[in-house]
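Everything below concerns the one structure shown next.
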Number of protein chains: 2
Amino acid sequence: MRIAVAKEVDAAEPRVALTPDAVKKLAGLGGEIVVETGAGLRAGATDEAYKETGATIVGSRAEALKDADVLLAVRRPQPGGLDGLKSGAVVLAVMDPYGKADEIGALAKSGAALFAMELMPRITRAQVMDVLSSQANLAGYRAVIDAAAEFGRAFPQMMTAAGTVPPAKAFVMGAGVAGLQAIATARRLGAQVSATDVRPAAKEQVASLGAKFVAVEDDEFRQAETAGGYAKEMSAEYKKKQAELVASHISKQDIVITTALIPGRPAPRLVTTEMVKSMKPGSVVVDLAVERGGNVEGAKPDEVVEVAGVKIVGHVNWAGRLAASSSALYAKNLSAFLETMIDKETKSLKVNWDDELVKATALTRDGAVIHPILKPADAPA
Amino acid sequence: MRIAVAKEVDAAEPRVALTPDAVKKLAGLGGEIVVETGAGLRAGATDEAYKETGATIVGSRAEALKDADVLLAVRRPQPGGLDGLKSGAVVLAVMDPYGKADEIGALAKSGAALFAMELMPRITRAQVMDVLSSQANLAGYRAVIDAAAEFGRAFPQMMTAAGTVPPAKAFVMGAGVAGLQAIATARRLGAQVSATDVRPAAKEQVASLGAKFVAVEDDEFRQAETAGGYAKEMSAEYKKKQAELVASHISKQDIVITTALIPGRPAPRLVTTEMVKSMKPGSVVVDLAVERGGNVEGAKPDEVVEVAGVKIVGHVNWAGRLAASSSALYAKNLSAFLETMIDKETKSLKVNWDDELVKATALTRDGAVIHPILKPADAPA
């Protein structure tokens, strides 16, 4: 069972799909791992490190893919990017499938079975394979580091002989995996942290990290708060009151970090230019969703924009800005999923097409596109 | 009593000598504060903010300095940079006087009394005026933020569903004000922190911040440890053993931060290229002393150099990278010193030339250079 890892083709992608630690694990399961030279370099993994854990280094992508049963990748391969794989090979990657039926249809023709890691069901058994969580966690950490690097003040309160430096006020919008890690990191650094989320039930998690939950806490909120973890649509009246509260809160913040993503849709707009302008000069707004259209008006992918003295930080690929850590976790996610496709006795590939994880993530099989999100059902009439 | 604040001439200097908060204080002491437009912008202080606390904004440096009794600056003014001041005016700045007798001699001719803030004695009364400490403290914080921004891994240990991200190992060399703040900040961020210092007595301070002190703890060390806070010259044999221990320790670190400065001399070399190469690819070395020749072999001012996959970060003006906080503390340092030169009854300038703080810091008076460090005594024969 030959497992291939190639250098990511997109220059904006410093991560690698398999790290030396994970090589060891897959070799133990019977894998023969072939890595294109330099594939891990930007993630701190040298060819030597791969060799030490049992991989073979080859000089080109073509050599890595030749006769491989499995290709592990970070991003969806480009057209022709599967050439050389065995027919029926398994490809695991973040496939970014929404609206990409044509691209995926073209890749399907290779005969490979493409699995979209980001469609992994959020069930207990699959937590270890959840790339969205593993990468969002690091993105949340990195958002705070980048905010601190752009901010002209210190985060912690500092008592000095010359007087006190006040703590930074940081507000995190969206208390999912990235938001919670951003809260935790900003707290670590000594900021005064507050957060909000459309799910009133998030209040408890936010509070457990020592941050203040910002919400209009009326009867409607209290009912929704105890109704469970999932988002409940709040009334229009409530939303209006909450929006006013948030706008007024933002005007007093030094740091705002937005983390709202909706799978397959543009990111929701949370911060308007007017709100940005209400902040003090020198404040910093970090938009984790800029790659998906942005939560912040005026944010630009891969730029730090200045509006009325406020910096809007719009890096893309936040997890990639911590390529060593994010690759290590991503590799664990992929190897855990791949392990479910390996027959322990014959040490060969054996996909169970009835497994719910396989069903949820498989985009293509035997030359055809098979996933419902790629079917023309929701194409324009 | 007219007090002038001008835009710093050096483009590499984002700090400002007086912030709006400090304007309020000096106005209360009878000062009439005149600020050149835009002087505080890069430190987050707008013209409006200065006006609100009682300053007058003028359009140019010449207007700000015209007939002023006092000039507050971050860096030593350039030749001709005192034109317009009243004769006998007081100028407070970081004068960088060592080996600059000619430059300071030229400025002396203006008749102004130049005071070098960095020569402030380190006595209790003058702590509030200690610019070296206030700026070093923020530099130490910033060193860790920049290290975290360059590092491809997370600082804190993270327990995730996909596995554990190990904590970063950070080593701080030099446990002065900057080093202690670097230790505290790296600890806040969750790193495993160790530190060293030529003063064995620093062990207790390092330990009190939760970091491990790295030293050969033999009899000589233990005697020196209890001998008080000042550096005691250790034996050649001890130094050799200690250097070996440090070299071996560095090879296991992810982050090394060096903070060793000696006033008026080039920074001591602490980290060789060999030591840098002994570290894992992806590690980060931060040299706080790069502006003074550097503690790290290969460090370059204002560059991030890569050696064998290890990044050497050599920003200059570390405190300036946090211009809002550092300006606020610097302004407090300066106003506290200036306050000692103001006669509370007449609300006018009255320098007490017998005051030990004045004696220690005054470089020029009545057209002449008066400070011993600028006398030709130690000029080459």
Within region A:213-247, residues modelled with pLDDT of 85 or more, among the β-branched types (Val, Ile, Thr) and either part of a helix (DSSP H, G or I) or surrounded by fewer than 11 Cβ atoms within 10 Å (Cβ to Cβ) (or both) come out as A:Val246
Taking region B:122-137 as the region of interest, how many residues are surrounded by fewer than 24 Cβ atoms within 10 Å (Cβ to Cβ), closer than 17 Å to B:Ala17 by Cα and facing chain A (nearest Cβ under 7 Å)? 2
Could you tell me whether any residue of region B:290-299 is hydrophobic (A, V, I, L, M, F, W, C), modelled with pLDDT of 95 or more, surrounded by 15 or more Cβ atoms within 10 Å (Cβ to Cβ) and more than 14 Å from the chain's Cα centre (by Cα)? yes
Extreme residue, farthest from the other protein chains (Cβ to nearest Cβ), among residues of region A:102-116 that are of a type in the set (A, V, I, L, M, F, W, C) and over 14 Å from the mean Cα position of the chain (by Cα): A:Ala106
For region B:21-33, which residues satisfy the criterion of being part of a helix (DSSP H, G or I) and surrounded by fewer than 24 Cβ atoms within 10 Å (Cβ to Cβ)? B:Asp21, B:Lys24, B:Lys25, B:Ala27, B:Gly28
Here is a list: B:Lys240, B:Lys252. Which entry is more than 27 Å from the chain's Cα centre (by Cα) and under 30 Å from A:Ala186 (Cα atoms)? B:Lys252
Just wondering, is there one or more residues in region B:92-101 that are more than 14 Å from chain A (Cβ to nearest Cβ), under 26 Å from B:Ile3 (Cα atoms), within 14 Å of the chain's Cα centre (by Cα) and of a type outside the set (A, V, I, L, M, F, W, C)? yes
Which of the residues belonging to region B:25-51 are within 25 Å of the chain's Cα centre (by Cα) and farther than 23 Å from A:Ala162 by Cα? B:Glu36, B:Gly38
Can you tell me which residue is farthest from the other protein chains (Cβ to nearest Cβ) among those in region A:138-159 that are touching a Ser or Thr at 6+ places or on another chain (Cβ under 6 Å) and not in a loop (DSSP other than H, G, I, E, B)? A:Val144
Pull up region A:285-309, narrow it to residues that are touching a Pro at 6+ places or on another chain (Cβ under 8 Å) and farther than 26 Å from A:Arg153 by Cβ, then point me to the one that is nearest to the other protein chains (Cβ to nearest Cβ). A:Glu291
Reported set for region B:160-173 where residues are in contact with a strand residue (DSSP E or B) (Cβ under 6 Å, 6 or more places away or on another chain) and at the interface with another protein chain (Cβ under 8 Å from one of its Cβ atoms) is B:Val165
Out of contact with any Leu (no Cβ under 9 Å at 6 or more places or on another chain), touching a residue at least 12 places away in the same chain (Cβ under 8 Å), farther than 17 Å from B:Ala328 by Cα and surrounded by fewer than 17 Cβ atoms within 10 Å (Cβ to Cβ), is that true of B:Val58? no
Could you pull out the residue among B:Ala202, B:Ala175, B:Ala184 that is buried (at least 20 other Cβ atoms within 10 Å of the Cβ), touching a Leu at 6+ places or on another chain (Cβ under 6 Å) and of a type outside the set (Asp, Glu)? B:Ala184
Qualifying residue in region A:359-367 (condition: of a type in the set (Ser, Thr, Tyr), out of contact with any Lys or Arg (no Cβ under 7 Å at 6 or more places or on another chain) and in contact (Cβ under 8 Å) with a residue 60 or more places away in the chain): yes
Inspect all residues belonging to region B:302-311 and state whether any of them is farther than 30 Å from B:Ala148 by Cβ, small (Gly, Ala, Ser) and surrounded by fewer than 21 Cβ atoms within 10 Å (Cβ to Cβ). no
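Let's see how each residue does on (1) touching a residue at least 12 places away in the same chain (Cβ under 8 Å); (2) under 21 Å from B:Arg187 (Cα atoms); (3) not polar (S, T, N, Q):
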site	(1), (2), (3)
A:Met120	yes, no, yes
A:Ser133	yes, no, no
A:Tyr141	yes, yes, yes
A:Phe171	yes, no, yes
A:Pro200	yes, no, yes
Criterion: away from every other protein chain (no Cβ under 14 Å) and farther than 23 Å from B:Ala360 by Cα - qualifying residue of B:Asp21, B:Asp83: B:Asp83
Residue hits (region B:262-284; in contact with a Lys or Arg (Cβ under 7 Å, 6 or more places away or on another chain), more than 14 Å from chain A (Cβ to nearest Cβ) and not in a loop (DSSP other than H, G, I, E, B)) are none
Among (1) aliphatic (A, V, I, L, M); (2) within 12 Å of another protein chain (Cβ to nearest Cβ); (3) touching a Ser or Thr at 6+ places or on another chain (Cβ under 7 Å), the one test that A:Leu119 misses: (2)
Any idea how many residues of region A:159-173 are touching a Pro at 6+ places or on another chain (Cβ under 9 Å) and modelled with pLDDT of 95 or more? 2
Residues that are more than 10 Å from every other protein chain (Cβ to nearest Cβ), in a helix (DSSP H, G or I) and of a type outside the set (Phe, Trp, Tyr), drawn from region A:310-337: A:Ala319
Is region A:1-18 home to any residue that is among the charged types (D, E, K, R), in a strand (DSSP E or B) and over 23 Å from A:Thr346 (Cβ atoms)? no
Taking interchain pairs and intrachain pairs at least six residues apart, which have beta carbon atoms under 6 angstrom, with the first residue in region B:174-198 and within 12 Å of another protein chain (Cβ to nearest Cβ) and under 14 Å from B:Phe213 (Cβ atoms) and the second at pLDDT 95 or above and buried (at least 23 other Cβ atoms within 10 Å of the Cβ)? B:Arg187/B:Val193
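The values are calculated or read from the model by the stated rules, or taken from the named source; none is laboratory data. What you see is a predicted model; the values in this text were computed from it and never measured. For neighbour counting, all protein chains shown are included, and Cβ atoms are generated from backbone atoms with ideal geometry for every residue, glycine included.
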